[in-house]
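Q: Take this structure, written in structure tokens, and hold onto it; I'll ask about it next.
The values are calculated or read from the model by the stated rules, or taken from the named source; none is laboratory data. Being a predicted model, the structure only gives us computed values, none of them experimental. Every residue, glycine among them, receives a Cβ derived from its backbone with ideal geometry; neighbour counts consider all protein chains shown.
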Amino acid sequence: MPFHRHTLQITTLAIVLLLSLSACAESKPYVKLKGQTITVEVADSPSKQAIGLMYRNKLADDHGMLFIYPRTETLSFWMKNTLISLDILFFDKDLRLISVAADTPPCKVSRCPSYQSTAPGKYVLEVNAGLANKWGVQVGDKLELHLQ
């Protein structure tokens, strides 16, 4: 009997460990800002950055897109073929908020306005329009990355 109990305990432990590892492997990248946790799609290549959130009909309030650039520079975004209004939050190399383009409207014409960072940036977070105001974000706020 003790042998079977020991085998059962080891099997149970193995299953719990495998489930834990599976959950970790499936966890999605996220960021934290002003106490909010936002699951993000990471746009860290030119092709992903070119498409961004174009052609999306909706975006959950706890989701967004994080753009990561190789160099710190003045960043410029436009809303061509973007179907939802967004807040565009620009962060510097130290993950400090440098500026916000709030409530940027969709653009369906050939010449869309661009929205620039007010200082050199390295990271950009796009979320649904109005969330930056709702969360009370301010220049200097720190973004936390959890990208695994």
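Q: Say we look at segment 109-120 and pick out the residues that are at pLDDT 95 or above and buried (at least 17 other Cβ atoms within 10 Å of the Cβ); which of these is farthest from Y69 (Cα to Cα)?
A: Here the answer is Y115.
Q: I'd like the full set of residues that are closer than 19 Å to P105 by Cβ and more than 16 Å from the chain's Cα centre (by Cα), limited to segment 50-74.
A: Of everything in segment 50-74, those that are closer than 19 Å to P105 by Cβ and more than 16 Å from the chain's Cα centre (by Cα) turn out to be Y55, N57.
Q: Do we find a residue being closer than 21 Å to V124 by Cα and modelled with pLDDT under 95 anywhere in segment 62-78? Before the answer, list the steps.
A: Within segment 62-78, the first condition is being closer than 21 Å to V124 by Cα, and the residues that meet it are 62-78.
From what is left, the residues that are modelled with pLDDT under 95 are 78.
The answer is yes, given that some residue of segment 62-78 is closer than 21 Å to V124 by Cα and modelled with pLDDT under 95.
Q: So for segment 62-72 (the condition being touching a residue at least 40 places away in the same chain (Cβ under 8 Å), part of a loop (DSSP other than H, G, I, E, B) and either surrounded by 15 or more Cβ atoms within 10 Å (Cβ to Cβ) or not polar (S, T, N, Q) (or both)), does at least one residue qualify?
A: Within segment 62-72, none of the residues are touching a residue at least 40 places away in the same chain (Cβ under 8 Å), part of a loop (DSSP other than H, G, I, E, B) and either surrounded by 15 or more Cβ atoms within 10 Å (Cβ to Cβ) or not polar (S, T, N, Q) (or both).
Q: Quick one: count up the residues across segment 100-134 that are farther than 23 Å from D62 by Cβ and either polar (S, T, N, Q) or assigned to a loop (DSSP other than H, G, I, E, B) (or both).
A: Of the residues in that region, 12 qualify.
Q: Could you please find all residues in segment 121-140 being surrounded by fewer than 15 Cβ atoms within 10 Å (Cβ to Cβ) and at negative phi? I'd like the intermediate steps shown before the answer.
A: We begin by selecting, within segment 121-140, every residue surrounded by fewer than 15 Cβ atoms within 10 Å (Cβ to Cβ); these are 130, 133-134, 136, 138-140.
The answer is N133, K134, Q138, V139.
Q: If I filter segment 40-61 down to residues being in contact with a strand residue (DSSP E or B) (Cβ under 6 Å, 6 or more places away or on another chain) and surrounded by fewer than 15 Cβ atoms within 10 Å (Cβ to Cβ), which single residue comes out as modelled with the highest pLDDT?
A: Within segment 40-61, the match that is modelled with the highest pLDDT is D61.
Q: Next question, about the same structure. I'm trying to understand the selection: among the residues of segment 105-132, which are closer than 13 Å to D87 by Cβ and touching a residue at least 40 places away in the same chain (Cβ under 8 Å)?
A: Once the filter is applied, which keeps residues that are closer than 13 Å to D87 by Cβ and touching a residue at least 40 places away in the same chain (Cβ under 8 Å), segment 105-132 yields V124, L125, E126, V127, N128, A129, G130, L131, A132.
Q: Cβ contacts < 7 Å: first residue farther than 11 Å from N128 by Cβ, restricted to segment 46-60; second residue among the aliphatic types (A, V, I, L, M) and surrounded by 14 or more Cβ atoms within 10 Å (Cβ to Cβ), any location; separation 6+ or different chain. Result?
A: Matching pairs, first to second residue: Q49/A43; G52/A43; G52/M65; Y55/L83; N57/L83.
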